[in-house]
Amino acid sequence: MTTDTLDPLIHVPARLRIIATLAALPEGDTLSFTRLQDMIGLTPGNLITHLRKLEDAGYIDTEKTGSRPASLTTVAFTRRGRTALDAYTSTLRDLLAGL
C-alpha cells in the first residue's frame, strides 16, 4: 500500500486537524467558526479556504445565520466526512502496520 491511497483532502495537516476536531463531536453537533478557529489556531482566511475545500467534497456542512455584525457561522461533520475519515484512518493503519 502506498500513500497515494490516502485521501489528499484529509491528508493536508490543517484539514486533518479540522476533521479530527469535528469528528470528536457527538453526531449532529456543530462548532462555531470562531471556536473552531481558536481550537486549531488558523487565521480566518486560512480556515475559510480549508473549510471550502472540505465542504465542496461534502465532508462538512457550514451554515451562516444572522447578518453582520451578529452573524454566526457553524461547522458540522457529515456522514460522508465520517466515511472518508474512517477510510483514511484504515488506510493509514494498514500503511503503518506494513512497516
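The values are calculated or read from the model by the stated rules, or taken from the named source; none is laboratory data. Here the structure is a predicted model, which is why all the values come from computation and not from measurement. Positions of Cβ are generated from backbone atoms using ideal geometry, with glycine treated the same way; all protein chains shown enter the neighbour counts. All accessible areas refer to the heavy atoms of the entire protein, side chains included, with ligands and DNA or RNA removed. Shrake-Rupley method; radii C 1.70, N 1.55, O 1.52, S 1.80 Å.
Could you please let me know if T89 is part of a helix (DSSP H, G or I), open to solvent by less than 70 Å² (accessible area, probe 1.4 Å) and either among the small types (G, A, S) or touching a helix residue (DSSP H, G or I) at 6+ places or on another chain (Cβ under 6 Å) (or both)? So T89 fails the test.
Of all residues in the range 83-98, those that are under 12 Å from H11 (Cα atoms) have Cβ atoms under 6 Å from Cβ atoms of residues that are not in a helix (DSSP H, G or I), 6 or more apart or on another chain, in A84/D7; A84/Y59; Y88/D7; T91/L6.
Determine whether E55 is open to solvent by 60 Å² or more (accessible area, probe 1.4 Å), in a strand (DSSP E or B) and not basic (K, R). It is false that E55 is open to solvent by 60 Å² or more (accessible area, probe 1.4 Å), in a strand (DSSP E or B) and not basic (K, R).
Yes or no, residue by residue, for (1) touching a Lys or Arg at 6+ places or on another chain (Cβ under 7 Å); (2) in contact (Cβ under 8 Å) with a residue 40 or more places away in the chain; (3) of a type in the set (D, E, K, R):
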residue: I19; (1), (2), (3): no, yes, no
residue: G28; (1), (2), (3): no, yes, no
residue: G41; (1), (2), (3): no, no, no
residue: N46; (1), (2), (3): no, no, no
residue: R52; (1), (2), (3): no, no, yes
residue: A57; (1), (2), (3): no, yes, no
residue: D61; (1), (2), (3): no, no, yes
residue: T65; (1), (2), (3): no, no, no
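The listed residues are L36, L25, L42, and the only one of them that is part of a loop (DSSP other than H, G, I, E, B), surrounded by 15 or more Cβ atoms within 10 Å (Cβ to Cβ) and at negative phi turns out to be L42.
So is R68 more than 14 Å from I18 (Cα to Cα) and among the basic types (K, R) or not?
Values: more than 14 Å from I18 (Cα to Cα): yes; among the basic types (K, R): yes.
For R68, the condition - more than 14 Å from I18 (Cα to Cα) and among the basic types (K, R) - is met.
Give the range 12-22 a look and list any residue that's part of a helix (DSSP H, G or I) and surrounded by 13 or more Cβ atoms within 10 Å (Cβ to Cβ), or say none. Steps first, please.
We begin by selecting, within the range 12-22, every residue part of a helix (DSSP H, G or I); these are 13-22.
A14, R15, L16, R17, I18, I19, A20, T21, L22 - these are the residues of the range 12-22 that are part of a helix (DSSP H, G or I) and surrounded by 13 or more Cβ atoms within 10 Å (Cβ to Cβ).
Pull up the range 58-78, narrow it to residues that are out of contact with any strand residue (DSSP E or B) (no Cβ under 7 Å at 6 or more places or on another chain) and at pLDDT 95 or above, then point me to the one that is surrounded by the most Cβ atoms within 10 Å (Cβ to Cβ).
So, considering only residues that are out of contact with any strand residue (DSSP E or B) (no Cβ under 7 Å at 6 or more places or on another chain) and at pLDDT 95 or above, the one surrounded by the most Cβ atoms within 10 Å (Cβ to Cβ) is Y59.
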